[in-house]
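Only the coordinates and a few stated rules stand behind these numbers; no lab work does. Keep in mind that this is a model prediction, so the values were computed, not measured. Neighbour counts run over all protein chains shown; Cβ positions are idealised from the backbone, glycine included.
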Amino acid sequence: MKEREKVYSHIKKGDSEIYRAVSGEIDRQQEGLEMIPSESYASRAVLEAIGSVFENKYSEGYPKKRYYGGQKYTDIVEQIAIKRAKKLFRFEHANVQPYSGSPANFAALNAVCAPGDTIMGMDLRFGGHLTHGWKVSVTGKYFNSAQYTTDKNGFLDFNEIEKLAKKHKPKVIICGYTAYPRTIDFAKFAEIARGVGAYLLADIAHIAGLVAAGEHPSPAGFADIVTTTTHKTLRGPRAGMILCNGNPSDPLKPIKNPTKKDLPTLIDRSIFPGMQGGPHIHTIAGVAVALKEASTKEFKAYAKQVVKNAKKLADIFNNRGLRLSTGGTDNHLILMDVTPFGITGKEAEERLEQIAISLNKNAIPHDPNPPYNPSGIRLGTPCVTIRGMKEPEMDILGNAIADTLEDKKNIRKAKLAVKELCAKFPLYKGL
Ligand code: DSN
């Protein structure tokens, strides 16, 4: 029996429709290249943890303070995840219960803001996230949202950010992005936040794996609150975390005039009972496994190569005269204006799908086109790096992408190049 049939034998027997979909998705992931920069491949150990019997367990509350019985092993798992998160990211407190990044962001804001308070994050169209105060998000409805943008080349403009902070006096300034290819200067943000008495929230979802491995400066020592997902460069399951400094106090004791030292309590209360019910302990088990993996030297080597690969791709694109936002990258992602090819981001995404590369259309800073049909594409290197690809493969890949964007006639040859790379760098080998 093939390993796949063995691993999924119960679904195969009990629900052939879902088995076919699972099997099809394994094939799709193995036979194509994933270049969406917010995606990665969880290890088999992480997959086993999230598929474990912790799935069956309710554990509302926090370790040693639960509302249900039978918590001997859930407490062990959550405490291990907390301990590993604190150590890896160098913060004194970690809440590992957020279901994902969006709830983590809302919970962090809800912890320190009352409805109507002002928050300030980057405009979605420039690389911010919905939950950084964009108008259709609850964070843009529930709070008063001021938004900053970038300069004309796509770089953070700290003069503008400081000016806006002084004007709007936000309670929270948010840094951290979904489409920013450059290093974030957390020290500069902290200075601006201090100057206006704001909390600094760093959403490091995209770069968490790079931060863990020392490939991007850490927000530790600068940000008051850090939010992150665990499934992007960090390579864990789909979940979120919130980090801050201090120790939680008595959960039942009211806090009259909260200060920074109350952040752990405020954040814990905001997650539960504020926003969520029972934590997904099976996912937290996967987070714990991923955090252990992220502290290894193999992970450090992966994170280093992610950045090297992105830089190599950017070099290839630049050599071929393609237009990159900010002119290149310092991290895992590249934002490219595809309009010089006479196509939009949507068409570029569709064309690259034909050569089995998944990436996403994306607005570029100061984009004249609407978000559903923007001028750019966003691509990243975590997944191809996990498969073992290095600079020579980026050469092949970069040229295949550029050829495809340049002329539809090149699709056949580019598709073959991608197919060869997939075969040479297998994913979940044997599955
Ligand atoms: N959806 C994520 C991304 O692709 O960047 C952000 O949450």
Item checked: Where trypsin sites (Lys or Arg not before Pro) fall in DSSP loop in the stretch 334-402, at most 14 other Cβ within 10 Å -> LYS390
Next item on the list: Report the trypsin sites (Lys or Arg not before Pro) located in the stretch 233-269 that are in a DSSP loop and have at most 10 other Cβ atoms inside 10 Å of their Cβ, or state none.
Entry: LYS256
Next item on the list: Using only alpha carbon pairs under 8 Å that are at least six residues apart, calculate the relative contact order of the stretch 2-91 and give it in whole percent.
Entry: 11 percent
Notebook entry, point to check: Roughly speaking, what is the centre-to-centre gap between the stretch 251-273 and the stretch 292-365 when only Cα atoms are used, to the nearest Å?
Noted result: 40 Å
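Please identify the chymotrypsin sites (Phe, Trp or Tyr not before Pro) of the stretch 1-108 that satisfy two criteria: DSSP loop assignment and at most 12 other Cβ atoms within 10 Å. Which are they?
Values: sites: TYR8, TYR19, TYR41, PHE54, TYR58, TYR67, TYR68, TYR73, PHE89, PHE91, TYR99, PHE106; in loops: TYR8, TYR41, TYR58, TYR67, TYR68, PHE91, TYR99.
Answer by residue number: TYR68.
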Note to self: Nothing charged except the Cβ atoms of Lys and Arg (+1) and of Asp and Glu (-1): what's the magnitude of the dipole of the stretch 191-268 about its Cα centre? Round to the nearest 20 debye.
What the structure shows: 120 debye
Next item on the list: Return an integer: the convex hull volume of the alpha-carbon atoms of the stretch 306-388, in Å³ per residue.
Entry: 92 Å³
Item checked: Per residue Cα convex hull volume in Å³ - calculated over the chain -> 143 Å³
Margin query: With both bridge residues required to lie in the chain, what share of the DSSP beta bridges run antiparallel, to the nearest 5%?
Written below: 55 percent
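Nearest 20 debye, what's the magnitude of the dipole of the chain about its Cα centre given +1 on Lys and Arg Cβ and -1 on Asp and Glu Cβ?
With only Lys, Arg, Asp and Glu charged at Cβ, the dipole is about 720 debye.
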Margin query: Just to confirm my numbers, what's the Cα centroid distance between the stretch 1-35 and the stretch 118-188 in Å?
Written below: 41 Å
Check: Hey, what did the chain get for relative contact order, percent, Cα under 8 Å, at least 6 apart?
Finding: 22 percent
Note to self: Among LEU33, ALA288, PRO170, whose Cα projects farthest towards the positive end of the dipole of the chain, with charges put on the beta-carbon of Lys, Arg (+1) and Asp, Glu (-1)?
What the structure shows: ALA288
